[in-house]
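Each reported figure results from applying straightforward, stated rules to the coordinates on display, with no laboratory input. The structure displayed is predicted, hence computed values, not measured ones. Glycine gets a Cβ as well: all are built from the backbone with ideal geometry, and neighbour counts include every protein chain shown.
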Amino acid sequence: MGAKTSTELAQEFAQAVLSVAPVIILGSGASAAHQVPGMGALAAHLTALAPPVGWDAAEQAEWANLVAQLHGGQDLESALQAIRPSPRQTLFVASETRRFLLPYDEAVLRAVLSDRRALPLSRLYNHLFDSTHKNIFVVTPNYDRIAEYAADASDFSVFTGFSHGYLQQRARSPRTRVHVAGQPVRTVCVWKVHGSLDWFQTSTYQAIGLRSGVEPPVDFEPLMVTPGLDKYRLTHIEPFRTIFGCADAALEEARAFFCVGYGFNDQHVQEKLVERCDRESVPMVLITKQLTQTARDFLAGGRCRRFLAVEEGPAGAKAYTPAEPGGFDIDQPVWAFGPFLDFTLGAAP
């Protein structure tokens, strides 16, 4: 028997990572695959908005500064970090972000209603639960509900830190589960470190989740951490402080990481991941349309000694490993979620 090819070795590595129920990390690229816009489109939406009537001169000037930076080519996060938004400006950005993204999120739900197999993530959940595992952990900075829809489509329970039902209160314990015949059901725990489209804070400072299509009352403020200076302040208050603790625990206990469309541009998520890859050689698979420069720098820096990174390439995909840091071609588009699952699990039935 001859030596295994680079593609065969990559396939075996990916199969081994999926076999240990890795923590799944979903970046913006995972949502972009389902036409949910990213930061660039959100920046264009914000720059087209007129400031609300009632803002004072200082707020008008800060907003004009933000728009000028965005028009000058600055990315949204950097532009928002360069201004000092007032509390109502922070609320305005969060509310407009939710209003902009919500129709795209709802389009994903309609696709799932038409076809329960519309999301590759559902197929992965089914594969990972074809075992003795009772929990799958997802960590994501995304606001959309694709991770939850994928679990619903496969009839698995979902836990995001809130109770079940239409009016979701914050759960008292991160181990809250639905039980059937006295046993906890298989559950996808989705730790949404920057909030969700359906999380709100009421006028009495109560955090609540609304799992319905009804628009909330006007005094319900979106619980979404948007880019900018307030991003770091808001993550130290509830429910984000608890969610971060849950995400950190999942990353700390992970036997492997599977990253989809993640660019390594979020300090809140990647610190623990990088630390585990460096200190304990925890294996990682990353699939994305295009590796960000931050991801390239991390992989080239030697802190992750067991990895497979795959991006789009001229032959279909280009893959990188510690043994082949310059990359090699794979003649299938395995950078995309569905083809990657075909590559590792076999063709979908």
Practice item. Can you run the Rg to Rh ratio on the range 220-301? Use alpha carbon positions and the Kirkwood inverse-distance Rh. Key: 1.00
Exercise for review: Beyond 28 Å between alpha-carbons counts as too far, so tell me which of 134/272; 4/192; 4/272; 4/289; 192/318 fall in that bin.
Suggested key: 4/192; 4/272; 192/318
Point to revise | Placed amide H near residue 259: partners under 5 Å, 5+ positions off or other chain | key: 25, 285, 286, 287
Point to revise | No Cys partner within the rule (Cβ under 4.7 Å), the chain | key: 189, 246, 259
Practice item. List every residue whose amide H lies under 5 Å from the amide H of residue 313, counting only residues 5 or more places away in sequence or on a different chain, with H placed 1.01 Å from N in the peptide plane. Key: 318
Check your understanding: Once you sort the root eigenvalues of the Cα gyration tensor of the range 109-207 as a ≥ b ≥ c, which label holds: rounded (a/c under 1.5), prolate (a/b larger than b/c) or oblate (the other case)?
Key -> oblate
Check your understanding: Please state the relative contact order of the range 171-296 as a whole percent: Cα pairs under 8 Å, 6+ residues apart?
Key -> 20 percent
Revision key, fill the gap. The helix 267-280 Cα axis meets the longest alpha-carbon principal axis of the chain at an angle in degrees, between 0 and 90 and rounded to 10, of 30 degrees
Practice item. Rounded to the nearest 10 degrees, what's the angle between the helix 6-19 long axis and the longest principal axis of the chain, both from Cα atoms, 0 to 90? Key: 60 degrees
Review point. Between residue 162 and residues 5 or more places away or on another chain, which pairs have amide H atoms under 5 Å apart, with H built 1.01 Å from N, and which residues are they?
Key: 171
**Study point:** Most to least packed among 4-10, 320-326, 198-204 [average Cβ atoms within 10 Å]
**Key:** 198-204, 4-10, 320-326
Check your understanding: What FRET efficiency comes out for the pair residue 315/residue 218, r = Cβ-Cβ distance, R0 = 45 Å, nearest 0.05?
Key -> 0.25
Practice item. Provide the three semi-axes, in whole Å and in decreasing order, of the ellipsoid equivalent to the range 158-244 as defined by the square roots of 5 times the Cα gyration tensor eigenvalues. Key: 24, 16, 10
Exercise for review: Grab the beta carbon distance between residue 61 and residue 32, set R0 = 30 Å, and tell me the FRET efficiency rounded to 0.05.
Suggested key: 0.35
Review point. So, how do all the Cα-to-Cα distances of the range 288-349 break down into 10 Å bins, in percent, from 0 on up?
Key: 23, 50, 24, 3
**Study point:** Protection proxy ranking of 144-156, 286-298 - average other beta-carbon atoms within 10 Å, highest first
**Key:** 144-156, 286-298
Exercise for review: Please list 57-64, 21-28, 248-255 highest first by mean number of surrounding beta-carbon atoms within 10 Å per residue.
Suggested key: 21-28, 248-255, 57-64
Point to revise | Residue exposure sequence - 241, 186 - by fewest surrounding Cβ within 10 Å | key: 241, 186
**Study point:** Farthest toward positive dipole pole in the chain [+1 Lys/Arg, -1 Asp/Glu at C-beta], among 344, 244, 163
**Key:** 163
Check your understanding: If you stretched the chain out fully between residue 48 and residue 289, how much longer would it get, using 0.36 nm times the residue separation minus the C-alpha to C-alpha distance?
Key -> 83.9 nm
Practice item. With a/c under 1.5 counting as rounded, go ahead and sort the range 1-83 into rounded, prolate or oblate using the C-alpha gyration tensor (a ≥ b ≥ c being the square roots of the eigenvalues; past the cut-off, prolate if a/b is larger than b/c, else oblate). Key: prolate
Review point. Can you work out D for the range 71-167 in µm² s⁻¹ from Stokes-Einstein, where Rh is the Kirkwood radius over C-alpha pairs, the temperature is 25 °C and the viscosity is 0.890 mPa s?
Key: 151 µm²/s
Review point. Residue-wise, which Karplus ³J(HN,Hα) couplings in Hz belong to the range 290-297, taking 6.51 cos²θ - 1.76 cosθ + 1.60, θ = phi - 60°, and x for glycine or proline?
Key: 8, 5, 6, 5, 4, 5, 4, 5
Revision key, fill the gap. Binned at 10 Å starting from 0, the alpha-carbon pair-distance distribution of the chain in whole percents comes out as 5, 24, 33, 25, 11, 2, 0, 0
